[in-house]
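What follows is a single structure, written as structure tokens, with notes after it.
The values are calculated or read from the model by the stated rules, or taken from the named source; none is laboratory data. Keep in mind the model is a prediction, meaning the values are calculated, not measured. Because the Cβ atoms are built from the backbone with ideal geometry, glycine has one as well, and the counts that use them run over all protein chains shown. Just the protein is used for accessible areas: all its heavy atoms, side chains included, with ligands, DNA and RNA removed. Shrake-Rupley method; radii C 1.70, N 1.55, O 1.52, S 1.80 Å.
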Amino acid sequence: MSARRHLIQSLVIRRSLPLGLRPGLRAGVLFMCSLLVVGAAVAVSANVSDHLAKAAVDEAVASTEAVVRGLVDPMIKSAGVATLTSGEALAIDDELEHLVGSGKILRIKVWAADGTVVASDLAALRGMRFPVDDDLTEAFEGNLQTGFTDGSAEENLFERGLADRFLEMYLPIRLPGSSDVAGVYEIYQDAAQIESQIDATRRDVLVIVGAMAAALLVLLFAAFSGASRLLARQNHQLRRSEERFRSLVRNSIDVQLITDAEGRITYESTAVERVLGYRAEDRIGRNALDDLHPDDRLWAEQMLADVVRLPSAQVAAEVRVRHADGTWLVIEAVAKNLLDDPAVGGIVVNYRDVTGRKALEDELKRQAFHDSLTGLANRALFADRLQHAITRAERSPNALAVLFVDLDDFKTVNDSLGHSEGDLLLIAVADRLRAGVRASDTIARMGGDEFAILIEDPIDGETPMDVGRRMLAQLEPPFVHGGKELFVRASIGIATTRSHGHTADEVLRNADVAMYTAKTNGKNRLEVFEPGMHTAVLTRLALKGDLERALERGEFTLVYQPIVRLGVGRLSGVEALLRWQHRDRGTVGPAEFIPVAEETGLILPLGRWVLEHACAQAASWNKISPRPITMSVNVSGRQLQQPAFAADVAAVLASTGLAPELLTLELTESVLMQDAEAATAMLVDLKSLGVRLAIDDFGTGYSSLNYLRRFPIDELKIDRSFVAGLDDGPTQSAVVLSILRLSETLHLETVAEGIEESSQLAVLRDLGADFGQGYFFAYPLDAAAATALIVADRQLGEPSAQPGMTSPRADRHIA
């Protein structure tokens with residue numbers, strides 16, 4: 001510095017007089033210029049280094065994010081990281097350890113919104129909970145957060161010793177089809193390389209700008225000392241710029257490759273060691289095509305020949321290249337012919353590793369045609385394969401078949417257990433269905449709890465009906481989940497085609513209509529499509545519309561089936577039965593409209609209407625009856641699943657004034673066993689009101705004695721099928737006797753349904769049944785006839801027609 005200062009002073013002194021500048025003024029001007037130049041150098045250096053830092057961080061984030069999202073995101077379910085099972089979390093932990101083991105990532109965590117580390121490569125961190133800091137809060141709001149931190153910082157307790165400085169990233173986890181943040185990745189990388197590059201660039205920029213400043217000063221000095229020194233300094237600056245350019249090429253993230261016309265490597269940047277694992281100097285002289293995948297070699301040679309043939313030609317391609325460890329990477333390359341450029345004299349290729357990106361693209365393509373929950377084909381892929389199968393079937397003597405599978409009453413699982421548990425059950429169902437078909441068949445999840453199966457080239461002797469029965473058998477065993485046994489049944493519709501002109505939509509629609517018919521005919525069965533089914537479905541749809549308006553039009557009425565104490569033949573209560581008098585169709589049977597009400601949810605207001613009117617009628621009768629008259633009301637599964645059902649019953653009892661002990665709520669075994677735990681809790685709430693509880697149609701369901709002991713039940717209603725068989729011999733009597741003995745053991749009362757013959761009554765009395773009901777005593781009565789029967793207080797036991805009776809073919813049922 002002293003020699004340079006001496007030279008400058010000498011030049012200034014020699015030129016001072018011609019310029020007419022005093023030494024003090026010259027010194028001041030030079031001093032101010034120096035300050036401006038130094039300030040500009042510092043500002044430019046800071047600006048360039050900041051931009052480089054951002055670019056380096058963005059590149060690090062992009063490359064890391066592609067890997068992490070491609071490998072870990074698919075392992076996280078749509079409900080978010082907080083709902084991961086232990087098995088799912090363990091699988092993610094293993095993947096995180098693998099990522100850290102690759103060397104680029106030093107530490108990685110998966111955060112839940114409450115500050116819990118759901119997964120991490122470090123076992124000590126898993127399951128720990130920390131205060132939620134600002135960076136994590138911002139990330140859960142959907143904002144990417146990055147920053148540098150010291151390895152010795154207090155918050156980096158678990159990362160000490162991994163590096164002196166870290167690049168820390170917070171990446172929000174967004175799953176396909178959702179904008180919500182399902183979790184956050186926290187990733188640590190060694191910041192040494194990035195910061196060293198930034199420092200080196202800052203120094204280089206300072207040198208560049210300083211040199212430019214020197215050039216400006218030289219320009220000033222040129223007024224005193226001539227242009228020769230200025231030109232010399234500019235030449236020096238050009239050499240430095242060339243050196244810096246070479247340095248940037250050597251340290252670029254992409255690999256720069258130069259080959260001759262035959263593909264032999266004449267130059268390759270050192271980035272090749274990071275991308276392919278080879279040292280650059282070991283590659284000189286090798287043919288770049290030798291490391292290509294054999295399937296890519298031929299067309300790559302042709303591409304090179306095309307580039308060599310046209311000066312300045314440029315092509316881009318993706319090829320598979322062998323890594324030093326033997327694995328294959330997908331490389332994105334751009335080649336340009338600069339053979340005629342004297343400064344290059346070769347084919348310049350810039351390439352980078354896009355293996356992670358390609359894997360992610362392939363996964364996205366797979367997800368576009370597969371169900372993300374079950375891994376089965378989705379509706380789009382199924383429709384495409386069905387259309388192709390129809391086209392092939394038109395040229396083949398074999399027919400194809402589509403089975404449309406819809407799980408029965410699956411909504412109750414989601415309503416009672418939650419959608420997460422429902423999703424797990426759907427996965428288990430999909431596994432069973434998949435196990436029941438051939439590898440050549442296509443099984444798809446069409447959405448919700450609907451599945452479809454495409455059968456081509458059926459096995460000799462096996463019909464689509466056989467396949468459907470096998471599907472029902474696959475679902476027969478209970479699904480054990482969380483210590484519970486869950487029973488899943490399905491309705492299956494089958495459509496076949498050999499004819500020309502059918503489309504995929506038509507075949508699917510026919511199978512759907514057949515499935516709908518199976519549900520209408522009782523569920524847990526299969527039906528083959530027939531043309532008349534479509535008309536029936538349209539009729540059922542019309543019935544839905546009429547049903548929605550029937551309640552407000554007052555088209556519903558109640559009739560009452562007497563319940564008799566068998567020992568004395570006296571009326572003890574009635575069961576309320578719902579009837580619909582359609583304004584156009586006349587009487588619509590409960591078997592026809594109750595399933596529609598269940599399906600549409602109208603069963604809830606309809607059930608409330610039945611309960612209110614039945615309780616009001618019972619309260620009225622008990623004011624005139626010589627003895628207490630109980631009112632039995634059937635309860636549907638949808639009602640029992642409502643959290644406020646017990647409160648609704650209490651409100652009805654309060655508004656009608658009916659004593660709780662005079663109300664009996666009847667529930668079927670199948671309703672109770674859909675979710676025994678939740679049903680038990682609801683029954684306890686109802687029992688606390690003082691009402692009586694009965695299991696209707698007992699013996700036709702699948703409840704176990706263990707659950708029967710847990711339910712706070714007061715009576716069992718023996719199904720009419722057992723009573724009807726009493727005339728068939730001692731076997732049926734033994735079945736009824738076993739139910740009566742079970743009731744006696746559990747201190748329950750019994751009601752025998754469907755008594756139609758005196759012989760049946762005699763057997764039931766001998767066996768010790770408590771109560772009975774059926775056409776032998778009376779057909780269902782309207783309110784007026786039932787009132788007359790209560791007031792008469794006569795002994796029942798002989799069948800006779802009575803005013804107000806409904807037809808014996810008007811089936812029993814309720815809301």
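Between the alpha-carbon centres of region 504-558 and region 147-197 there is a gap of 57 Å.
Taking Cα centre as origin and charging only the Cβ of basic (Lys, Arg, +1) and acidic (Asp, Glu, -1) residues, the dipole magnitude of region 286-380 rounds to 180 debye. Projecting the Cα atoms of Ile427, Val507, Leu289 onto the charge dipole of the chain, computed from C-beta unit charges around the Cα centre, puts Leu289 farthest toward the positive end. Across the protein chains, with a 1.4 Å probe defining accessible surface, the residues Arg107, Arg274 rank Arg274, Arg107 from largest area downward. Projecting the Cα atoms of Ala646, Gly774, Gly567 onto the dipole axis of the chain, where Lys and Arg carry +1 and Asp and Glu carry -1 at the beta carbon, places Ala646 farthest toward the positive end. For volume of the Cα convex hull per residue in Å³, the choices are (1) 281; (2) 184; (3) 209; which was calculated from the structure? Working out volume of the Cα convex hull per residue in Å³ from the coordinates points to (1).
Estimated at 0.36 nm per residue, the fully extended path between Thr137 and Met212 surpasses their Cα-Cα distance by 22.5 nm.
Using the Cα centre of region 650-787 as the reference point, and only Cβ charges (+1 on K/R, -1 on D/E), how large is the resulting charge dipole? Debye, rounded to the nearest 20.
Approximately 340 debye in magnitude.
When peptides 760-771, 721-732 are sorted by average Cβ neighbour count within 10 Å, with the highest value leading, the order is 760-771, 721-732.
Could you tell me the accessible area of Phe158 in Å² (1.4 Å probe, neighbours in place), rounded to the nearest ten? Spelled out: Phe158, probe radius 1.4 Å, area about 60 Å². In terms of distances greater than 28 angstrom between alpha carbons, the cross-link table entries Lys77/Lys523; Lys484/Lys519; Lys411/Lys544; Lys544/Lys717 yield Lys77/Lys523; Lys544/Lys717.
Quick one: compute a quarter of the convex hull surface over the Cα atoms of region 457-498 and quote it in nm².
That works out to 3.9 nm², a quarter of the Cα hull's surface.
Quote the FRET efficiency, to the nearest 0.05, computed for Asp180 versus Ala762 with a Förster distance R0 of 51 Å and r equal to the Cβ-Cβ distance. With R0 = 51 Å, the Cβ-Cβ based efficiency is 0.15.
When you count the other C-beta atoms within 10 angstrom of each residue and take the mean per peptide, 467-477, 505-515 line up highest first as 505-515, 467-477.
From its DSSP helices (H runs of at least four residues, each -39,500 (n - 2.57)), the chain gives a residue-normalised ellipticity at 222 nm of -15500 deg cm²/dmol.
Around the Cα centre of the chain, unit charges on the Cβ atoms of Lys, Arg, Asp and Glu (plus for the first two, minus for the last two) sum to a dipole of about 3200 debye.
Can you tell me the order of 304-315, 55-66, 595-606, 571-582 when each peptide is scored by its average per-residue count of other Cβ atoms within 10 angstrom, highest first?
Numbers: 304-315: 13.7, 55-66: 16.2, 595-606: 18.2, 571-582: 21.8.
Highest mean packing first, the order is 571-582, 595-606, 55-66, 304-315.
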